[in-house]
Amino acid sequence: MAEAVVVVALLFVAGCATAAVANRDPSRQALVLSVLGTALAVLFTVLQAPDAGLSQLAVGSALTPLLIMLSVRKVRRRPARGKDGGR
């Protein structure tokens, strides 16, 4: 039974990682990266590494996607410059 749970968690992680790579939109990539971080946290917990799971939950599913989303928002709000460098 335990092996089946590990296999399901590994398949979920592989699917999320593939979805993160396949997306072209950075905001959707950040969202999928958050789900991937949660899936990795579950995998670490299933593999009896709860300390690594908690760290992954905090960093991989919360902080990193938040920083990516803030960066994407900042870049998208930047005004377009002309050929003369915006002068």
> Could you say whether any residue in segment 22-45 is surrounded by fewer than 16 Cβ atoms within 10 Å (Cβ to Cβ), among the aliphatic types (A, V, I, L, M) and in contact with a Gly (Cβ under 9 Å, 6 or more places away or on another chain)?
Replying inline: no
> Which of the following residues is over 26 Å from Met1 (Cα atoms) and either in contact with a strand residue (DSSP E or B) (Cβ under 9 Å, 6 or more places away or on another chain) or at pLDDT 90 or above (or both): Arg24, Arg76?
Replying inline: Arg24
>> Restricting to segment 46-74, name every residue that is in contact with a Pro (Cβ under 8 Å, 6 or more places away or on another chain) and crowded, with 17+ Cβ neighbours inside 10 Å.
In response: Ile68
>> Just to be sure before I move on: is Val13 open to solvent by 30 Å² or more (accessible area, probe 1.4 Å) and of a type in the set (Val, Ile, Thr) in the structure I sent?
In response: no
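The values are calculated or read from the model by the stated rules, or taken from the named source; none is laboratory data. For clarity, every value in this text was computed on a predicted model and none was experimentally measured. In this analysis, Cβ positions are derived from the backbone assuming ideal geometry, glycine residues included, and neighbour counts consider all displayed protein chains. These accessible areas exclude ligands, DNA and RNA; they are computed on the full protein's heavy atoms, side chains included. Shrake-Rupley method; radii C 1.70, N 1.55, O 1.52, S 1.80 Å.
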